[in-house]
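Worksheet: one structure, shown below.
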Amino acid sequence: MSEFLNKSSAKHYSLALLCGGESKRLGSDKGLYKPTGDETLVRRALRLFSSHFSEILLVVRDEDQFKLYEQEIQPANWTDVRIVSDAQTGGDLPRSALTAVYAALAQANTERIIALPIDQVGVSLSHLLRLTEHSGSTLSSAFISDEGIEPFPGIFSKLQTESIRAAISARQLGVQHFHQETGSCLIPAEELANSLAVNCNTPEEMTAFFGTPLADTFDRRLHYLRFSLTEACNLSCTYCLPDGFPEWLRHKSTLNLDAIKNVLTAFRALGFRKVRFTGGEPTVHKKCIDAVRIARDLGFESIALTTNGLLIKNLKDWRSAGLSLLNVSLDSLDDEEFFKLTKNRGAKTVAKLVDDACASGLEVKTNAVLLRSINGNEKTITDMIDWAIARPMTLRFIELMNTGLNSSFAKQERVLGSEIEPFLIQRGFSLNHPDKNKISVAGPSTDYFSAQHLGKVGLINPMSCNFCDRCNRLRITAKGALKMCLFGNQDIPLDMSSPESIALAIRASIGKKPERHNLESGDSGNVSTFRTIGG
Ligand code: SAM
């Protein structure tokens, strides 16, 4: 499956995070500043970027700063993160951003690096991937926008190390000037231009970008919005919407783009950093891709889509709109089983979308729900595992959950995660990540890894284990209500007329977020089917 890895070209680069800049107005070292109170900028950058590059270099000024960063991230625990200092390579040189680039080039294990100042917080993975994808045969690359050449993020080559040293010695320190003089490949920033320029030097500027964090009464920090755009769906899944979506309901259960924009703006102001669009089927909403664009322009770090994939024709458009994570629902690779589950014959189309998405460098997850009488058999389970683990993606088996309309059916049909685990063990999977030092983002999935395979497999077992203590989510329904808990009873209607009215109502209602739901004892709250909230 090297076809997938070769296309993921960022793996050939070191990412140099330039941490040496000083800012007295922040009252702390920039990279160690915690804009949302719980995470330093340097840890945020590792969370966002570390798995996509060959290595990460934290470029610091000197020995003192080296020690501070060492305490913060304990690099000995990381295989692919190193702290390097300007002083090691260019002690005799005047200090500048270009000196930091020089230090990174001199110490990188790759031929080319991408340099990014730690405080350029609007830069997302999309920016960095666009640079690697469009950098031509020239040695260095940078973005160009209406403002002119943007010095960072920029690609630099080891072959330039000595010419950079010469430029620094001659006090030609401007990185913009360097790009111009050396004929860097200039890549139009286009729709990524606004976020490219975000640069925060004061606490106020940080708050304007990151928002004011929201926590509930159980001290859970909330930063993940699951946003249902429409209840309408193009499939008729046996366990969700067996009779298909009634057309007459569509206009009552679909949000317009103004409301969508107001919701997204409000959640950004509340410090939310991840949004997942769901439904119904979110791509049935004609403006779904515009919603993704709006989320990108507002600075959401992670923009995900949960979809059956059948209406996604041009993945490139979705990627350039800002989509970072694609969750595709595919319950069986077998056409007959897929038809029995969905009344559609698109299994192969969906599987092809997964392949295309993997090849495009998107983070991909495939979700499968098993029904004992249709696809909960050994052949389907092992076929799906073998298909998934040959691809750079995560397959997640989700236990069929009770909802108001399906509870006796669900009890009869549910296949437990514990029944799937033996097939993973057989294939050498275990709960140990091959790289013990990766930041693990606690979520509802129990993930299984194997050093032999590209893909990993997760089991989401809501019926057999509760993960409410880690809940970081709020939900908005396609009818414009705030839902505190997936299986809660309250849908709080929101005044969608402005971001301020939405944010105010959320703050006022946050005390109502319950400590936990009681799905294990059969209480699915007011969820009649997942079509109303998307999971
Ligand atoms: N239409 C989109 C899709 O197919 O992914 C988004 C909405 S769909 C309701 C989201 C996910 O919920 C799908 O993966 C679906 O299989 C899952 N789902 C629906 N009902 C479920 C249930 N009762 N238990 C577990 N998962 C369910």
Is it fair to say Arg531 is closer than 24 Å to Arg221 by Cα, within 16 Å of the ligand (Cβ to nearest atom), open to solvent by 30 Å² or more (accessible area, probe 1.4 Å) and in contact with a Phe, Trp or Tyr (Cβ under 9 Å, 6 or more places away or on another chain)?
-> no
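Of everything in region 280-293 that's open to solvent by 10 Å² or more (accessible area, probe 1.4 Å) and of a type outside the set (Val, Ile, Thr), which residue is nearest to the ligand (Cβ to nearest atom)? I'd like the intermediate steps shown before the answer.
First, the residues of region 280-293 that are open to solvent by 10 Å² or more (accessible area, probe 1.4 Å): 280, 283-287, 289-290, 293.
Narrowing further to those that are of a type outside the set (Val, Ile, Thr): 280, 285-287, 290, 293.
Details: Gly280: 6, His285: 11, Lys286: 15, Lys287: 16, Asp290: 18, Arg293: 20 Å.
Top of the filtered list is Gly280.
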Matching entry among Leu298, Leu311 (being more than 14 Å from the ligand (Cβ to nearest atom), of a type outside the set (Lys, Arg) and open to solvent by 20 Å² or more (accessible area, probe 1.4 Å)) = Leu298
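Considering only region 323-365, how many residues are of a type in the set (Val, Ile, Thr) and either part of a loop (DSSP other than H, G, I, E, B) or under 18 Å from Tyr239 (Cα atoms) (or both)?
Residues flagged as of a type in the set (Val, Ile, Thr) and either part of a loop (DSSP other than H, G, I, E, B) or under 18 Å from Tyr239 (Cα atoms) (or both) within region 323-365 amount to 2.
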Selection count where residues are more than 10 Å from Leu192 (Cβ to Cβ), surrounded by fewer than 19 Cβ atoms within 10 Å (Cβ to Cβ) and not β-branched (Val, Ile, Thr), scope region 126-152 = 7
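Does Ser163 satisfy the criteria of being under 23 Å from Ala295 (Cα atoms) and modelled with pLDDT of 90 or more?
Values: under 23 Å from Ala295 (Cα atoms): no; modelled with pLDDT of 90 or more: yes.
In short, no.
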Some residue of region 501-513 being closer than 24 Å to Thr307 by Cβ and open to solvent by less than 50 Å² (accessible area, probe 1.4 Å) = no
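Identify the residue in region 185-239 that is small (Gly, Ala, Ser), more than 16 Å from the ligand (Cβ to nearest atom) and in a loop (DSSP other than H, G, I, E, B) and, among all such residues, is surrounded by the fewest Cβ atoms within 10 Å (Cβ to Cβ).
Residues of region 185-239 that are small (Gly, Ala, Ser), as a first pass: 189, 193, 195, 197, 208, 211, 215, 228, 232, 236.
Pick out the ones that are also more than 16 Å from the ligand (Cβ to nearest atom) and you get 189, 193, 195, 197, 208, 211, 215.
Filter again for in a loop (DSSP other than H, G, I, E, B), leaving 189, 197, 211.
On the way: Ala189: 21, Ala197: 15, Gly211: 22.
It comes out as Ala197.
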Determine which single condition Glu378 fails, assuming it passes every other condition in (1) buried (at least 17 other Cβ atoms within 10 Å of the Cβ); (2) away from the ligand (no atom under 15 Å from the Cβ).
-> (1)
Hits in region 331-379 - residues which are free of Cβ contacts under 8 Å to residues at least 40 places away in the same chain and of a type in the set (A, V, I, L, M) | Ala347, Ala351, Val364, Ala368
Name, by its number, the condition in (1) among the aromatic types (Phe, Trp, Tyr); (2) within 16 Å of the ligand (Cβ to nearest atom); (3) in a loop (DSSP other than H, G, I, E, B) that does not hold for Phe277.
-> (3)
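The values are calculated or read from the model by the stated rules, or taken from the named source; none is laboratory data. Predicted model, so just to flag it, every value in this text is computed and none were measured. All Cβ positions, glycine included, derive from the backbone under ideal geometry; neighbour counts span all protein chains shown. Note: areas computed on protein heavy atoms with side chains; ligands, DNA, RNA excluded. Shrake-Rupley method; radii C 1.70, N 1.55, O 1.52, S 1.80 Å.
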